[in-house]
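The values are calculated or read from the model by the stated rules, or taken from the named source; none is laboratory data. Since the structure is predicted, the reported quantities are computational estimates derived from the model, not experimental observations. Using ideal geometry, Cβ is built from the backbone for each residue, glycine included, and neighbour counts are taken over all protein chains shown.
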Amino acid sequence: MKTTFTILLAAFTLAFASIYVPSVSAQQTAKIPDGFLESMQGDWKGKLTYTDYQNDATQVTMDVWLKSTIENKKLIKQFYYREPDGTTKQKSKSQDTTIIAKEGYALVESGYTLPFAIQEASTKETKQSSKTTTDGVNTAQSASASREQQVVMETAANDNNKPSTIRLTITTSPNSMVIKKEVKYNGTNSFFVRHTFAYTK
């Protein structure tokens with residue numbers, strides 16, 4: 001278990017061991033939404049579910065935590081996980097970073113020299129209003145807004161020592177964040193989910 005998860009952690013920081021990343025063309029229109037890095041900062045807790053590298057089939061779930069802040073336009077992340085024996089460990093003593101690049105058309109991850117091209121990006125705003133009534137009379141009214149953002153990026157990279165297409169989807173809202181990595185090995189026709197991080201605040 002520890003060997004398998006060590007491989008996962010070495011491969012993951014919203015990232016993967018890349019060997020080639022598609023270039024950002026002049027026709028590409030998908031950009032990182034405004035405020036996307038800000039939506040990822042904070043103290044998060046949740047579950048990691050991943051497909052074991054030994055057989056690409058067995059599902060493993062464990063508790064995870066993420067602390068992220070923004071400094072000098074960089075998202076700085078510290079990742080923690082709980083081993084099966086109950087001990088909590090930190091992924092690395094060093095800081096992992098995410099940086100928006102190429103005017104918002106790409107993300108750069110620490111440890112990787114090439115950016116990850118953005119394929120799709122969206123923002124959804126939901127507005128809610130409420131009223132307080134006393135003896136049949138409206139005495140107060142309030143309004144609030146919730147925003148959900150999603151970014152999808154793809155690249156060519158090695159996964160489990162096999163050339164692959166990688167699809168990474170990050171979905172954020174005020175109190176939740178889901179990071180999903182999908183893999184399609186070269187020569188195959190379909191993606192499978194390598195891992196999903198489901199966080200809440």
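In the range 171-187, the residues that are under 19 Å from residue 124 (Cα atoms) reach residues that are exposed (fewer than 14 other Cβ atoms within 10 Å of the Cβ) and among the β-branched types (Val, Ile, Thr) with C-beta atoms within less than 7 angstrom, at least six apart or across chains, in these pairs: 175/200; 176/200. For the range 99-151, the candidate set comprises residues that are among the β-branched types (Val, Ile, Thr), under 29 Å from residue 64 (Cα atoms) and modelled with pLDDT under 90; within that set, the residue that is surrounded by the most Cβ atoms within 10 Å (Cβ to Cβ) is 108.
Only one entry in 60, 21 is surrounded by 12 or more Cβ atoms within 10 Å (Cβ to Cβ), modelled with pLDDT under 95 and in contact with a Pro (Cβ under 8 Å, 6 or more places away or on another chain), namely 21.
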